[in-house]
There are 4 protein chains.
Amino acid sequence: MGNSFGRRFRITTFGESHGPAVGVVIDGCPAGLALDLEALQREMDRRRPGQSRITTRRDEADTIEVLSGLYEGRATGAPITLMVRNADPRSADYDHLRHAYRPSHADYTYQVKYGHRDHRGGGRSSARETAARVAAGAVAKQLLAQQGVEVLAWVSAVGDIAMPDEVAPDGVGSFGLAEVEATPVRCPHPATADAMIARIDAVRKAGDTIGGIVSARATSVPAGWGEPVFDKLHAELGRAILSINACKGFEYGSGFAGTHLLGSEHNDLFYRDAEGRIRTRTNHSGGIQGGISNGEAITLRAAFKPVATILRQQPSVDDTGAEVTVEGRGRHDPCVLPRAVPIVEAMMALVLADAMLDAH
Amino acid sequence: MGNSFGRRFRITTFGESHGPAVGVVIDGCPAGLALDLEALQREMDRRRPGQSRITTRRDEADTIEVLSGLYEGRATGAPITLMVRNADPRSADYDHLRHAYRPSHADYTYQVKYGHRDHRGGGRSSARETAARVAAGAVAKQLLAQQGVEVLAWVSAVGDIAMPDEVAPDGVGSFGLAEVEATPVRCPHPATADAMIARIDAVRKAGDTIGGIVSARATSVPAGWGEPVFDKLHAELGRAILSINACKGFEYGSGFAGTHLLGSEHNDLFYRDAEGRIRTRTNHSGGIQGGISNGEAITLRAAFKPVATILRQQPSVDDTGAEVTVEGRGRHDPCVLPRAVPIVEAMMALVLADAMLDAH
Amino acid sequence: MGNSFGRRFRITTFGESHGPAVGVVIDGCPAGLALDLEALQREMDRRRPGQSRITTRRDEADTIEVLSGLYEGRATGAPITLMVRNADPRSADYDHLRHAYRPSHADYTYQVKYGHRDHRGGGRSSARETAARVAAGAVAKQLLAQQGVEVLAWVSAVGDIAMPDEVAPDGVGSFGLAEVEATPVRCPHPATADAMIARIDAVRKAGDTIGGIVSARATSVPAGWGEPVFDKLHAELGRAILSINACKGFEYGSGFAGTHLLGSEHNDLFYRDAEGRIRTRTNHSGGIQGGISNGEAITLRAAFKPVATILRQQPSVDDTGAEVTVEGRGRHDPCVLPRAVPIVEAMMALVLADAMLDAH
Amino acid sequence: MGNSFGRRFRITTFGESHGPAVGVVIDGCPAGLALDLEALQREMDRRRPGQSRITTRRDEADTIEVLSGLYEGRATGAPITLMVRNADPRSADYDHLRHAYRPSHADYTYQVKYGHRDHRGGGRSSARETAARVAAGAVAKQLLAQQGVEVLAWVSAVGDIAMPDEVAPDGVGSFGLAEVEATPVRCPHPATADAMIARIDAVRKAGDTIGGIVSARATSVPAGWGEPVFDKLHAELGRAILSINACKGFEYGSGFAGTHLLGSEHNDLFYRDAEGRIRTRTNHSGGIQGGISNGEAITLRAAFKPVATILRQQPSVDDTGAEVTVEGRGRHDPCVLPRAVPIVEAMMALVLADAMLDAH
């Protein structure tokens, strides 16, 4: 289980790294939505491996095939099924790992839980699964765009190289998609981006990996989205983001840094703006109060650990408990952060699309 | 909606701060479980307001009443309903807030979403709702104890006063419940606890509030609990913890600090221990790999902002958009961290009980 | 599990026959709904035992207590909790049944499933649980009334005594609640009612029980409610009705009799009426086509077996497999049909309230 | 929504009659299950159009393609995705129906609900969707077979031509799959089958359609499967069966006929059999008591109306409300009963597989 996400805009993903295909069934997309398949493909291309020298070189065209749910270019209300064929699996690369447990991968826990697993390329636990998320997220984005809601993520830190806070005050900033996409590392601050790229290059040459932070914002979300108590909007966002491979932490609004403030400093004071809208003067709340959006920008940050696949020999054990040495071979991805950006956007869009449909 | 949590061990909470009662229906507790009602009441007492000079003085006996689901002291498999009457609401304290939006409370967002709300004491968004969580969590703890699983939380930081890392290496530590309960601030390191208490006292006198961090661990969780993809065990934990009022951030294992490590440093190497169990030498994974428990301690940290109720005048607006001044009166809770400890434990226990039932 | 029902208007019931209370938590009732508690109590009184000489004499006041969710008489959007205390359990009547399995009761299956059960009065499998359904259904009815939707059920057959078809042509008829409530058997055709009552009296005197059919209709349901594929409106209605104790069959529209017609006879021809509305000339579809309401009256029929509690000695076995004789004592209900009427209405209202909220 | 079914063995179907493909994602199939794909294909062939002269002539190979979830022939615990390409849509046959509402089809209700619909061949409301159900049901059957559970359905009535009751006493009978498959009408009683076939031939020549009844049984279901209260096993079966296109009624055990019995006649008396198992002497309960299986055969009957597509001119309206004449052209299916048999089995198997996983 665990392969479905959302209540009103509900997706179910399927497919393994080295199976015939990965895909997603979207149930609940409102009838009538005109789907821009080229925009959807562009999102896929942002996540695609091999797009720049600082990512993995696995080469997948990732061309979306629509299996159901559209008629004359518009959603019918029936499930929308999107599928991507797996083109370049190189399954033989994994034969030596059939019985070994790679450190900090899901090999061991899958073996304990399922007994029988597809070890090739991580099988279902592979980052390949996120192609389905991005496809679904692209549909969610187009739905949100109808309400004027825009979701944008970017890399704000790689290791200890962090973008200056003043570039994105209160977690928002004035840059847009173009600035994010301007560098392969997807950091909208060129000087920081240069330093990040240099760092990733060094890590790549060392056969090692490095983590970092993806920040994201959603703008023009109206007040009143989300639920109280257990399904608070930020709790759903947290779950969504934490479900991305390699994510180890989540914060919204003031986050961990906010624990250093006093209540009198942290409270966001209400006022009525020139158009008569109720706004807050600061946004420590990250656009959410009591689990419900308050009309300010929704802001979050996600911590990604360095991914586990490194081009080094590491001691481990196999499924009999015997000591073995595992060795990363071939392609590796020194820093997943740039490719995590569209995935974070997708998960954020899925949560917001769900909340949007619930609010209507 | 949003008042239910869990799939196999599923709870639904009800009740407002100033209504007749708060309570919870637990659906899915296995038949035959002998429920220790005294232990359950002790958990309620840990969350209870007025338990020490550093918490709110609202005085509630919070005596649990069992409405259903037990027969001769043991669960029958039918829903277990636990209820606590509201004894000391002082509703009149809130008359002046009927139309005003308190800064960083849920007043405004509830008004936008529901139109009609019980403004007294925060209504459904009140921390009073967490009494129901603690009651349900106490049942979950007793279920987990059958498998030897123990959940413990503690206050690791108040503002910038943090417990030294070496007290809880890898997020675990050798202290237990007794050490946590030894001080009213629930920090198991006495020197740090003293500093925290002094700080909270100062904040209380200033009519202000202060935030901090609650850390938690679950020990003796067997490998194989949790689900892959969207319902990863840490994603469910994140959602659970983030759904607690005032929580702004969540991390597990290496968390945000782990983004500063290289993959070669972060990977947890497997080995077989003396008893033949497969273990990891470090626990950056926080006991979870690929969303599934790996047999190591599950570790997490939660950031709590300073709560919004302060004994000061603050500018705001009312539901007509007019400028008003809101003023906190009477009782306030300068630091929710100590009382958040049993709530964090409860939410962690609920997630693990769900995973336990799913794994069986 | 299995104690919750509905998606958007979601209820969770709790309580055993001989526990302290039975009740229901309603999650999803729209904020602002003004709840008429007297009307709600009247529905409870319709289901209440001891209301006439042809039903069980267990005496319960069944006074509703509101525990949460209302403020100044209107729903707040928070869970509405309704509770009824159990007043007259006579638990000692059941001591002789602690280990015996009564024929065609749930004693044996509960023992197999749960191991530990509350045998008194059927515990959770008791018809007492339906008090909670009727309470929740009464709220659903008030919600539906805002859209003009009315739900009405009646007894159309007791054993082989059936109301003439022409009284309710196409399953609808021109009678209303007053005609249904005019006789204790809740059959709106007085001559048939008299015969039914005489029959039930005879059965009661013989210590036996008798079954029959409850028919129901919902009028003024707009077109477009319900879902396609698995959650078809009639499939949800069927599940709802079949979940009532003693229900053995469900049909809607033409039902089983419709299998005798040809397609050319069964098809409901569309036409545009004087007000320009699209209608059908017949209603074999029972108001639902493709799982979605079409604007005609929704009609259904439910078969209830004779209930299992009879005042006779019957051979059986106990939980060791030994042969025993079980004997019904004290009160028994010769015909549940009249009291099933408000329960059928409640379940129908719950399904329609869910569909209504989903359609908005 | 409404495209998913089941909780533990959960399926999501997708695809329209005239889209590229129909398929199903199965989430929750236990890892390790060896899937017999040839047996699965045989089930598909039983449902396939064009298999005999008494069914529709639409010609589809319906060859199953496995997209995910299997590794070396066995389930991995990941979602199993099965897909069938649509080969012979003849979409042009439907151009004249783009704006017309066919009587007793879902055209009108889909238009009201969705606004934008794929009118070709009924789109999502087409019986084509049931191919996905049969594929998923075939997997469920193989899972159930591991526990020895067998599901079998057959045609027991076509119009007023019914199989004699004594062929299937208590709804079970001693025949098996071979006897059911021996005639194209899938009635295991040859004399009745001959009469049914003659009747269907006559109806086909008249361009008309005819309904009937499918009966089904599940044998070797252990006691203790299913849930109490709302999710009673027979309520889930009822919902499952009623969700099949053209189904108008459902009964289990004694069903509607049982309403004519007295309690003393209807009660199933317990005894201990020679092997020490607790059994009942009769099976009016249909193998389910209190919503939970009792170890006897589970028996049910489903009423199917004559399908709406007839080769005649019928008056109707179009989406502007104007009067039109609709005319069935080309292929039609005079009696869906034979092809409904594998679909009823599939839905029954899906419910039981869910209950089985829940019970373990």
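Scan the range D:196-215 residue by residue and report those that are surrounded by 16 or more Cβ atoms within 10 Å (Cβ to Cβ) and not in a loop (DSSP other than H, G, I, E, B).
Correct list: D:196, D:197, D:199, D:200, D:203, D:204, D:210, D:212, D:213, D:214, D:215.
Spot the failing condition for residue D:228; the list is (1) facing chain C (nearest Cβ under 7 Å); (2) at pLDDT 95 or above; (3) touching a Gly at 6+ places or on another chain (Cβ under 6 Å), and only one is missed.
Residue D:228 satisfies every listed condition except (2).
Could you please find all residues in the range C:89-108 being more than 12 Å from chain D (Cβ to nearest Cβ) and assigned to a helix (DSSP H, G or I)? Spell out how you get there, then give the answer.
Step one: list which residues in the range C:89-108 are more than 12 Å from chain D (Cβ to nearest Cβ), which gives C:89-99.
C:91, C:92, C:93, C:94, C:95, C:96, C:97 - these are the residues of the range C:89-108 that are more than 12 Å from chain D (Cβ to nearest Cβ) and assigned to a helix (DSSP H, G or I).
Please work out which residue is surrounded by the fewest Cβ atoms within 10 Å (Cβ to Cβ), limiting yourself to the range A:323-360 and to residues that are part of a helix (DSSP H, G or I) and within 10 Å of chain B (Cβ to nearest Cβ).
Residues of the range A:323-360 part of a helix (DSSP H, G or I): A:337-358.
Pick out the ones that are also within 10 Å of chain B (Cβ to nearest Cβ) and you get A:337, A:347, A:350, A:358.
On the way: A:337: 33, A:347: 31, A:350: 29, A:358: 18.
Filtering the range A:323-360 for residues that are part of a helix (DSSP H, G or I) and within 10 Å of chain B (Cβ to nearest Cβ), the one surrounded by the fewest Cβ atoms within 10 Å (Cβ to Cβ) comes out as A:358.
Kindly indicate the residue of the range D:285-300 that is in contact (Cβ under 8 Å) with a residue 60 or more places away in the chain and in a strand (DSSP E or B) and also surrounded by the most Cβ atoms within 10 Å (Cβ to Cβ) among those meeting that condition.
Looking at the filtered set, the residue picked out is D:298.
Just to be sure before I move on: is residue B:192 among the polar types (S, T, N, Q), within 13 Å of chain A (Cβ to nearest Cβ) and surrounded by 20 or more Cβ atoms within 10 Å (Cβ to Cβ) in the structure I sent? Let's see the steps before the verdict.
Values: among the polar types (S, T, N, Q): yes; within 13 Å of chain A (Cβ to nearest Cβ): no; surrounded by 20 or more Cβ atoms within 10 Å (Cβ to Cβ): yes.
Against the criterion (among the polar types (S, T, N, Q), within 13 Å of chain A (Cβ to nearest Cβ) and surrounded by 20 or more Cβ atoms within 10 Å (Cβ to Cβ)), residue B:192 does not qualify.
Select, from A:320, A:282, A:309, A:219, the only residue that is surrounded by 22 or more Cβ atoms within 10 Å (Cβ to Cβ), out of contact with any Lys or Arg (no Cβ under 7 Å at 6 or more places or on another chain), in contact (Cβ under 8 Å) with a residue 40 or more places away in the chain and more than 7 Å from chain B (Cβ to nearest Cβ). Even if it seems obvious, please write down each step before you answer.
Working: A:320 fails: surrounded by 22 or more Cβ atoms within 10 Å (Cβ to Cβ); A:282 fails: surrounded by 22 or more Cβ atoms within 10 Å (Cβ to Cβ); A:219 fails: surrounded by 22 or more Cβ atoms within 10 Å (Cβ to Cβ).
Answer to the check: A:309.
Among the residues of the range B:225-250, write down those that are outside any helix (DSSP H, G or I) and under 22 Å from residue A:244 (Cβ atoms).
Applying the first criterion (outside any helix (DSSP H, G or I)) to the range B:225-250 yields B:225-228, B:232, B:243-250.
Those that are outside any helix (DSSP H, G or I) and under 22 Å from residue A:244 (Cβ atoms): B:225, B:226, B:227, B:228, B:232, B:243, B:247, B:248, B:249, B:250.
State whether the residues of the range D:31-44 include one that is surrounded by 19 or more Cβ atoms within 10 Å (Cβ to Cβ), out of contact with any helix residue (DSSP H, G or I) (no Cβ under 7 Å at 6 or more places or on another chain), in contact (Cβ under 8 Å) with a residue 40 or more places away in the chain and facing another protein chain (nearest Cβ under 7 Å).
The answer is no; no qualifying residue exists.
What's the total number of residues in the range B:159-181 that are loosely packed, with under 15 Cβ neighbours inside 10 Å, among the small types (Gly, Ala, Ser) and part of a loop (DSSP other than H, G, I, E, B)?
Number satisfying all stated conditions: 2.
Kindly list the number of the only condition in (1) more than 29 Å from residue D:78 (Cα to Cα); (2) assigned to a loop (DSSP other than H, G, I, E, B); (3) among the small types (Gly, Ala, Ser); (4) within 7 Å of another protein chain (Cβ to nearest Cβ) that fails for residue B:303.
With respect to (1) more than 29 Å from residue D:78 (Cα to Cα); (2) assigned to a loop (DSSP other than H, G, I, E, B); (3) among the small types (Gly, Ala, Ser); (4) within 7 Å of another protein chain (Cβ to nearest Cβ), residue B:303 is out only on (2).
Is it fair to say residue B:192 is touching a strand residue (DSSP E or B) at 6+ places or on another chain (Cβ under 7 Å), without any contact (Cβ under 8 Å) to a residue 60 or more places away in the chain and either over 30 Å from residue B:326 (Cα atoms) or among the aliphatic types (A, V, I, L, M) (or both)? Full working, then the answer.
Numbers: touching a strand residue (DSSP E or B) at 6+ places or on another chain (Cβ under 7 Å): yes; without any contact (Cβ under 8 Å) to a residue 60 or more places away in the chain: yes; either over 30 Å from residue B:326 (Cα atoms) or among the aliphatic types (A, V, I, L, M) (or both): yes.
Here the answer is yes, as residue B:192 does meet what is asked.
Please verify whether residue B:310 is over 29 Å from residue B:42 (Cβ atoms), modelled with pLDDT under 95 and under 24 Å from the mean Cα position of the chain (by Cα), treating the condition exactly as stated.
Numbers: over 29 Å from residue B:42 (Cβ atoms): yes; modelled with pLDDT under 95: yes; under 24 Å from the mean Cα position of the chain (by Cα): yes.
Spelling it out, residue B:310 is indeed over 29 Å from residue B:42 (Cβ atoms), modelled with pLDDT under 95 and under 24 Å from the mean Cα position of the chain (by Cα).
Take the conditions among the hydroxyl-bearing types (Ser, Thr, Tyr), within 12 Å of chain C (Cβ to nearest Cβ), crowded, with 21+ Cβ neighbours inside 10 Å and touching a helix residue (DSSP H, G or I) at 6+ places or on another chain (Cβ under 9 Å) and apply them to residue D:4. Does it pass? So that I can check it myself, show each step before the final result.
Working: among the hydroxyl-bearing types (Ser, Thr, Tyr): yes; within 12 Å of chain C (Cβ to nearest Cβ): yes; crowded, with 21+ Cβ neighbours inside 10 Å: yes; touching a helix residue (DSSP H, G or I) at 6+ places or on another chain (Cβ under 9 Å): yes.
When the stated conditions are applied, residue D:4 passes them.
Suppose the filter is surrounded by 20 or more Cβ atoms within 10 Å (Cβ to Cβ), under 20 Å from residue D:70 (Cβ atoms) and out of contact with any strand residue (DSSP E or B) (no Cβ under 6 Å at 6 or more places or on another chain); does residue A:98 pass it? Before you say what the answer is, go through the steps one by one.
Numbers: surrounded by 20 or more Cβ atoms within 10 Å (Cβ to Cβ): no; under 20 Å from residue D:70 (Cβ atoms): yes; out of contact with any strand residue (DSSP E or B) (no Cβ under 6 Å at 6 or more places or on another chain): yes.
Spelling it out, it is not the case that residue A:98 is surrounded by 20 or more Cβ atoms within 10 Å (Cβ to Cβ), under 20 Å from residue D:70 (Cβ atoms) and out of contact with any strand residue (DSSP E or B) (no Cβ under 6 Å at 6 or more places or on another chain).
Which of the residues belonging to the range C:222-255 are out of contact with any Ser or Thr (no Cβ under 9 Å at 6 or more places or on another chain), more than 15 Å from residue C:351 (Cβ to Cβ) and buried (at least 24 other Cβ atoms within 10 Å of the Cβ)?
C:251
So how many residues does the range D:298-341 have that are among the acidic types (Asp, Glu) and in contact with an Asp or Glu (Cβ under 6 Å, 6 or more places away or on another chain)?
The initial filter retains those residues of the range D:298-341 that are among the acidic types (Asp, Glu), namely D:318-319, D:323, D:327, D:333.
Those still in the list that are in contact with an Asp or Glu (Cβ under 6 Å, 6 or more places away or on another chain) too: none.
Going through the range D:298-341 one residue at a time, the tally reaches 0.
Scanning the range B:243-293 for residues that are among the hydrophobic types (A, V, I, L, M, F, W, C) and closer than 30 Å to residue B:3 by Cβ, which turns out nearest to the chain's Cα centre (by Cα)? Break it down into steps so the answer makes sense when it comes.
As a first pass, look at the range B:243-293 and keep what is among the hydrophobic types (A, V, I, L, M, F, W, C): B:244, B:246-247, B:250, B:256-257, B:261-262, B:269-270, B:274, B:278, B:288, B:292.
From what's left, closer than 30 Å to residue B:3 by Cβ: B:244, B:246-247, B:250, B:288, B:292.
Values: B:244: 6, B:246: 10, B:247: 9, B:250: 12, B:288: 20, B:292: 22 Å.
Going through the qualifying residues, I end up with B:244.
Of all residues in the range D:326-360, count the ones that are within 22 Å of residue D:128 (Cβ to Cβ) and in contact with a Phe, Trp or Tyr (Cβ under 7 Å, 6 or more places away or on another chain).
Summing the residues that are within 22 Å of residue D:128 (Cβ to Cβ) and in contact with a Phe, Trp or Tyr (Cβ under 7 Å, 6 or more places away or on another chain) in the range D:326-360 gives 5.
Filter the range B:109-142 down to residues that are within 8 Å of another protein chain (Cβ to nearest Cβ) and either free of Cβ contacts under 8 Å to residues at least 60 places away in the same chain or of a type in the set (S, T, N, Q) (or both), then give me how many there are.
9
Just name the residue that is farthest from the other protein chains (Cβ to nearest Cβ) out of those in the range B:7-16 that are buried (at least 24 other Cβ atoms within 10 Å of the Cβ) and in a loop (DSSP other than H, G, I, E, B).
If we filter the range B:7-16 for residues that are buried (at least 24 other Cβ atoms within 10 Å of the Cβ), which is where we start, we get B:9, B:11-16.
Retained after the next criterion (residues that are in a loop (DSSP other than H, G, I, E, B)): B:9, B:15-16.
Details: B:9: 10, B:15: 5, B:16: 6 Å.
Only one residue fits best here, namely B:9.
Mind counting the residues in the range C:242-277 that are closer than 25 Å to residue C:174 by Cβ, in contact with a strand residue (DSSP E or B) (Cβ under 7 Å, 6 or more places away or on another chain) and more than 8 Å from chain D (Cβ to nearest Cβ)?
1
Taking the condition acidic (Asp, Glu) and modelled with pLDDT of 95 or more, does residue D:166 pass? Outline the logic, then answer.
On the way: acidic (Asp, Glu): yes; modelled with pLDDT of 95 or more: no.
No: the conditions fail for residue D:166.
Can we say residue C:55 is surrounded by fewer than 20 Cβ atoms within 10 Å (Cβ to Cβ), of a type in the set (S, T, N, Q) and either modelled with pLDDT of 90 or more or in contact with an Asp or Glu (Cβ under 8 Å, 6 or more places away or on another chain) (or both)? Steps first, answer last, please.
Numbers: surrounded by fewer than 20 Cβ atoms within 10 Å (Cβ to Cβ): no; of a type in the set (S, T, N, Q): yes; either modelled with pLDDT of 90 or more or in contact with an Asp or Glu (Cβ under 8 Å, 6 or more places away or on another chain) (or both): yes.
So residue C:55 does not fit the description; no.
The values are calculated or read from the model by the stated rules, or taken from the named source; none is laboratory data. Keep in mind the model is a prediction, meaning the values are calculated, not measured. For neighbour counting, all protein chains shown are included, and Cβ atoms are generated from backbone atoms with ideal geometry for every residue, glycine included.
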